[in-house]
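This report concerns only the one structure given below.
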Amino acid sequence: MTAAARRARPGATIVLGSGAARTTPEGVDPAAAREQLARSVRLARDLAAEHGLEAILEPLHRGETDQINTLAEAVEFLDAHDLEGMRVVADLFHIMLEQESLEVVREHAGRVAHAHIADTDRRPPGQGDWPLRAFLAFLREGGYRGAVSIECHWQDLAAEAAGALAALREADGIPAAPTTRETPESQAVVGELVTVSPAPTTARTALISHNGGWCWFQDERALVDAATGTLLLGAVASTGGADGERRGGDVNLHVVDLDRLGEPGSARTVVLHEGLESDDHDNPALWRRADGRWVAVYSRHKSDDLTRWRVSETADPTVWGEERALDWTTLFESPEQMRTLGGGRGVTYQNVHRLDGVLHCFVRALNDDPCYLVSHDDGETWQFGGRLLTREKIGYVNGYARYASGTHLGTDDRIDLIITEHHPRDYATSIWHGYLAGGRLHRADGTAVGELGRGLAQTAPRAEDLTCVLASGSTWGGATMTHAWTTDLRRFADGTLVALMTARADDTLGTDTSRRETAPIDHRFLWAVLAPGQSEWQVRHLAHAGPQLLAHEEDYTGLGTIDPSDPDSLWISTVVDPRDGTALSVHEIFHGRTRDGGSSWTWTPVTEHSTASNFRPIAVPGDPEREVLAWYRGEMRSSQNYDAEVLVRVDARRPRA
């Protein structure tokens, strides 16, 4: 201690952090060893004080010692041995390895003398997925105002230090210094430009969030206000992502200034509902009201019966009114009626479209069927509108629908939908098309199959009553397609409809899957168009989608999106290069264009040589002068557990040939 005092500044801390020195020797009773440890700690404290220093105790994970492994245990140990005045070290590395709750950090922050931080596997901050932001926030909230040091394994200190410091500052809420440089994806800071392909491009791509994802059965998931150049993009943070312990389950709205994309402050995040549920199905659907205000509608994933919504207080999408909710269980006269009619099973998804001046929000609800709410005041209030389709339950849920309307074209005369019968895991699904207009549901040829506004107990049509788009068992691209799923649907100004779908090719498993399928299941993208005045869809084999994304989700793929302003343009996420069939190590995004009605396509990579997969692109409507594309990249373990960052790409729209 004398030697340390000669080198140290007055008041410096001496960390008692040797695992070997405190480990119980073989043959010694652990309780006796603990008492000896207490005597040694007291001696160190007193010697340090004699030299004007402060001895502090660092808990170490059990891989280094069997004594004092957690922050809570360190505080308890000190208090139990009349060492209440001693302070401790809070080290995120040891906290994570011991799986100690970060709430303990906040609880004992007043006893923390120093803090150490590192990222996953003790890498530099910004190179992993540990909850840096939550750790720092809980320290601050608990009253800690001291220093935080990076204690990690450096591979190249000179090359890594700046990125680590920037990531640490961002995690602590300190604004980053202005920059115009492009950063590697492992060190990217929110708002900065990132490089996603080495090819020359006029497009700008920026990181919008370190934690976000979405499902594909809500719309619009993103909108652009062309007048102000503002993008609104919904996303749900996962507990498995960056800062997940604190942010997981947040329903977020990312508000992005597209004209300043890549500049500090160009991307802001509004939390619509904190901690709703760590599930990408909870993503909001967005609507722009006639008075310029915004509506966001969202729900949990079949874990309650509430459809929730908020309305912005003004045209400013960062200021929102209080959340309101409609409880679907209140529609029934009795619990018996609710059970009989399939209520109380939870609601999921929301798709907001206008029909004949009335706002419709399509929700999977009663009997796990598509139903809808209506609003006669532009989303201010909602009430039950009717059951749309129904079917006897098989497996998990009934049909998966995608909806399209002329909202972004300024028309509200009809709403189109494509839908399956059930989940493709449970049924050899086909895809069917119909449209709502004039108070009725119609087939593609205009034949009415039922009235709208059907009550709770009224029978609704089935998916099979509509027009078949893609039949299970049909052959496309030289393969038999089954277990089809709806991916995207868009309507264009001349009435053209374009659909994007996936299906299994030459499948042998059928519904006899284990939910642990690791053998590749061949999935394909299919593209279909319904020309104005026609009643038969023209289907084309588009590209290979690759094997299933997850072993327990046999029909998940990287998905794709249709250009909302160009029926001959789209984007897909795949692990098979559509240009030559080369297998890719991760999912990459490609832009496709056809000039011959889908018979052939020209493909251009949007992302290349990525170190992480790029999933679920969204081509955002609202500004016909720009191409705005959003997606997320990272690792997806399930719909509830993913580690992904959100990116946005903007480019001037090129004239159609």
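The values are calculated or read from the model by the stated rules, or taken from the named source; none is laboratory data. Model, not experiment: these values are computed from the prediction. Using ideal geometry, Cβ is built from the backbone for each residue, glycine included, and neighbour counts are taken over all protein chains shown. We work out accessible area using only protein heavy atoms, side chains counted, and drop any ligands, DNA or RNA first. Shrake-Rupley method; radii C 1.70, N 1.55, O 1.52, S 1.80 Å.
Summary of computed values
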{"quantity": "Relative contact order (%) - criterion: Cα under 8 Å, at least six apart; region: the chain", "calculated": "8"}
{"quantity": "Residue-wise HN-Hα coupling along the stretch 629-641, computed from phi with Karplus coefficients 6.51, -1.76, 1.60 (Hz; x: Gly, Pro)", "calculated": "10, 10, 7, 10, 10, x, 10, 10, 9, 6, 5, 9, 10"}
{"quantity": "Sorted peptide list for 236-249, 622-635, 526-539, 143-156, criterion being average Cβ within 10 angstrom, highest first", "calculated": "236-249, 622-635, 526-539, 143-156"}
{"quantity": "Placed amide H near C468: partners under 5 Å, 5+ positions off or other chain", "calculated": "H433"}
{"quantity": "The stretch 414-511, relative contact order [Cα under 8 Å, separation at least 6], %", "calculated": "27"}
{"quantity": "Simple label model, 7 Å out from Cα along Cβ direction - A457 to A531, nm", "calculated": "4.9"}
{"quantity": "222 nm mean residue ellipticity, helices alone, for the chain (DSSP H n ≥ 4; -39,500 (n - 2.57); rounded to 500)", "calculated": "-3500 deg cm²/dmol"}
{"quantity": "The stretch 509-657: relative contact order in percent, alpha carbon pairs under 8 Å with at least 6 residues between", "calculated": "15"}
{"quantity": "Using θ = phi - 60° and Karplus 6.51 cos²θ - 1.76 cosθ + 1.60, couplings along the stretch 396-403 (whole Hz; Gly, Pro as x)", "calculated": "6, 8, 8, x, 9, 10, 10, 10"}
{"quantity": "Folded to 0 to 90 degrees: helix 132-141 orientation relative to the chain principal axis, Cα", "calculated": "60"}
{"quantity": "Relative frequency of Cα-Cα separations exceeding 27 Å in the stretch 516-657, percent", "calculated": "22"}
{"quantity": "0 to 90° range, to nearest 10: angle between helix 30-50 axis and the chain longest Cα axis", "calculated": "70"}
{"quantity": "Spherically averaged projected area of the chain from its Cα convex hull (nm²)", "calculated": "33.7"}
{"quantity": "Order by protection proxy (mean Cβ within 10 Å, highest first), peptides 328-339, 573-584", "calculated": "573-584, 328-339"}
{"quantity": "Degrees separating the helix 157-171 axis from the principal Cα axis of the chain, which is the longest one", "calculated": "70"}
{"quantity": "Accessible carbon and sulfur surface of the chain relative to its total accessible area, %, 1.4 Å", "calculated": "49"}
{"quantity": "Estimated vicinal HN-Hα couplings, Hz - the stretch 607-617 in sequence order (Karplus 6.51, -1.76, 1.60; Gly, Pro = x)", "calculated": "10, 8, 6, 6, 9, 9, 6, 10, 10, 6, x"}
{"quantity": "Length added when fully stretched, A227-T201, from 0.36 nm per residue minus Cα-Cα", "calculated": "6.9 nm"}
{"quantity": "1.4 Å probe accessible area per residue over the stretch 483-612, in Å²", "calculated": "37"}
{"quantity": "Residues of the stretch 188-301: accessible area per residue with a 1.4 Å probe, Å²", "calculated": "28"}
{"quantity": "Mean shadow area of the stretch 390-522, taken as a quarter of the surface of its Cα convex hull (nm²)", "calculated": "9.5"}
{"quantity": "Rounded if a/c under 1.5, otherwise prolate or oblate - the stretch 1-150, Cα gyration tensor axes", "calculated": "oblate"}
